[in-house]
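Written below as structure tokens is the structure these notes are about.
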Amino acid sequence: MLNVIWLALMVFGVGVAAFTGKAGAVTDAAFAAGKLAIETIIQLAGMMALWMGLMKIAEKSGMMEGLAVVLRPFVRWIFPTVPGNHPAIGAILMNISANMLGLGSAATPMGLKAMQELQELNPDKETASEAMCTFLTLNTSSITLIPGTIIALRAASGSVSPSEIVGATLVASFIAGIIGITLDWLVRRYNRMRGEAKRR
């Protein structure tokens, strides 16, 4: 469906440009945007290599595992339906730790593994379980300590101080995480109360 929408937008844009006599301006803008995209990619490559290298050092040094140990009591509390020794807990811990350190490439496979493990515990395979919904909420609103991608984008855009976003990102992601977890808890509680009322 998205392909159809994009195609329609492009055809409409070219049609309007041809009708108004601005086809040359569209061509110039397309070349300028392409040039800007290439320049941005080249600038981003260096910054991303630096931040990914630093994050890889943090991963290899055991920082991610250390974070997982610290976060284990919190994860056990927020996922009461998942057994403490189940592989899903380990995958969830590694995913959260990787997200906190800005290691998106490491967080993605751990997130997929966590969902697979949670699906095994799910009694209704056609509907997401409470634990799966909670994990999705937590993963989406994950607290980020080092936003490497944003720093790289700011640097590529000519920011004088690209890393000054760290504090704001930490506060914003922390607030988003608290709100997400709270809303998830409220929805779970409401669903349980509704289910108990129906059984009566």
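What follows draws every value from the coordinates through simple rules; no lab data is involved. Just so we're clear, the structure is a prediction, and the values are computed from it rather than from any experiment. All Cβ positions, glycine included, derive from the backbone under ideal geometry; neighbour counts span all protein chains shown.
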- [ ] Please identify, among A45, A168, A25, the residue showing maximal mean-square fluctuation in a Gaussian network model of the chain using a 10 angstrom Cα cutoff.
- [x] A25
Task: Cα convex hull of the stretch 138-200 - mean projected area over all directions, nm² - done: 4.8 nm²
Task: Rg ratio (alpha-carbon, reference 2.2 N^0.38 Å) - the stretch 95-169 - done: 1.41
- [ ] Using only alpha carbon positions, build the gyration tensor of the chain, then give the equivalent ellipsoid semi-axes as the square roots of 5 times its eigenvalues, largest first, whole angstrom.
- [x] 40, 27, 15
Task: Positive dipole terminus of the stretch 44-199, leading residue within W77, P109, G66 (C-beta point charges) - done: W77
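When the dipole is taken about the Cα centre of the chain, and only Lys, Arg (+1) and Asp, Glu (-1) are charged at their Cβ, what size is it in debye, to the nearest 20? Could you put the intermediate results ahead of the total?
Details: 16 positive and 12 negative charges, 115 e Å.
So the dipole magnitude of the chain works out to roughly 560 debye.
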Open item on the list: Just want to confirm a number: the relative contact order over the chain, from Cα pairs under 8 angstrom separated by 6+ residues, in percent.
Closed with: 17 percent
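Cross-chain or 8 or more residues apart, Cα under 21 Å: how many lysine pairs in the chain fit that? Count them up, please.
Pairs that pass both the separation and distance tests number 4.
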